Amino acid sequence: MSADLLGIAIIDILLFTFLVVTAIAIMHLRNLFAVVMLAGVFSLLSASLFVTLDAVDVAFTEAAVGAGISTVLMLGTLALTVREEKKPAHSVFLPVLVCLVAGAALIYGTLDMPAFGSADAPIHLHVAPAYIERTPIDTGVPNIVTAVLASYRGYDTLGETAVIFTAAIAVLLLLGAGIRQSGKDGGKE
Amino acid sequence: MKHHSILRVVSKLLIPPIILYALYVQWHGDYGPGGGFQAGVVFAVAFILYALVYGVDEMMRILPPRLLHALAGIGVLIYAGTGVVTMLLGENFLGYNVLAHDPKHGQEWGIIVVELGVGITVASVMMSIFIAFACHNPPIKDEEW
């Protein structure tokens, strides 16, 4: 058991180290092509972290959307703009200050939260056991995540689907629907 | 990109398993990880890979943008329509219990149908957005690879 925990701790430390290194590299690079690729790496590392947390559904989504589709769409965006980020015109003092204050506030907020992995956390006392108990009786669906997503929280998922649909409409309105008017070379300047 | 034989062969080998996996994730979402959202993305990726290697025009011959735009709406309508059907059968909006004789089977049917709606919307939205970007860009020349 403790050997398992040690293994997980080593994997976590490795993944978090890579995550931080990737984030710092993204901050320093000016070549946007490299930044997009590293953002994909960042998503893939996050997906691995979700797997170590046993959240395979979330990990699957992160790997497919964050590392897959987003990277392709970002590259598509890049082709519409420039490949190099401009040097910032003003000093970095204010952004750094904002980041530090916001980060400190977020860390302060976590102090009230139950310890990571604590079995006494409220979510493990009321909500999770209720779903684990009721899902086989109510729905008979083995994957509780699917039951929560599509049945218990069906309204939210309908909303999410509508959001995706709206996103498509917004992009199509901005970029044109992809139906070429005339000629083969397509695309206005 | 006529002379990228390795890319062409490998992508042709990869696309059928990707689509098969998308369908597996779609229909097996209630047993294993995944569901309509992930399946839709994986399904879209298969076609985007095809478009990246063979050109977006080839992809648009199979899936014209108009069809994709219609499908994006149809997916949402399938989801919302399930809710309307359950209401007509005397339950709450999206209360699947009345969809079959046994409430449990009703739940399973409801989940499968709404996941299908999610999958159709996500897949067609991802492909529409990709096409919108790809048609806006001048195609990448071979020398730039």
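The values are calculated or read from the model by the stated rules, or taken from the named source; none is laboratory data. Note that the structure is predicted; figures quoted are calculated from it, not measured. Counting neighbours? That spans all protein chains shown, and the Cβs are built from the backbone with ideal geometry, glycine included.
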Is one or more of the residues making up the range A:30-39 part of a loop (DSSP other than H, G, I, E, B) and surrounded by fewer than 16 Cβ atoms within 10 Å (Cβ to Cβ)?
yes
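With the condition kept exactly as written, say whether any residue in the range B:52-60 is closer than 16 Å to A:Val65 by Cβ and aliphatic (A, V, I, L, M).
There is no residue in the range B:52-60 that is closer than 16 Å to A:Val65 by Cβ and aliphatic (A, V, I, L, M).
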Is one or more of the residues making up the range B:58-70 crowded, with 19+ Cβ neighbours inside 10 Å, free of Cβ contacts under 8 Å to residues at least 40 places away in the same chain and either facing chain A (nearest Cβ under 10 Å) or within 20 Å of A:Tyr155 (Cβ to Cβ) (or both)?
no
If the requirement is being β-branched (Val, Ile, Thr), at pLDDT below 85 and not assigned by TED's automatic domain parsing to the domain that holds A:Phe50, which of these qualifies: A:Ile107, A:Ile137, A:Ile123, A:Ile164?
A:Ile123
Matching residues, the range A:139-164, being facing chain B (nearest Cβ under 7 Å), under 17 Å from B:Gly81 (Cα atoms) and surrounded by fewer than 18 Cβ atoms within 10 Å (Cβ to Cβ):
A:Tyr155, A:Ala162
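Can you tell me which residue among B:Glu58, B:Glu91 is touching a Phe, Trp or Tyr at 6+ places or on another chain (Cβ under 8 Å) and among the charged types (D, E, K, R)? Write out each step before concluding.
Values: B:Glu91 fails: touching a Phe, Trp or Tyr at 6+ places or on another chain (Cβ under 8 Å).
Of the residues listed, the single one that is touching a Phe, Trp or Tyr at 6+ places or on another chain (Cβ under 8 Å) and among the charged types (D, E, K, R) is B:Glu58.
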State the number of residues belonging to the range A:69-97 that are surrounded by 10 or more Cβ atoms within 10 Å (Cβ to Cβ) and without any contact (Cβ under 8 Å) to a residue 24 or more places away in the chain.
10
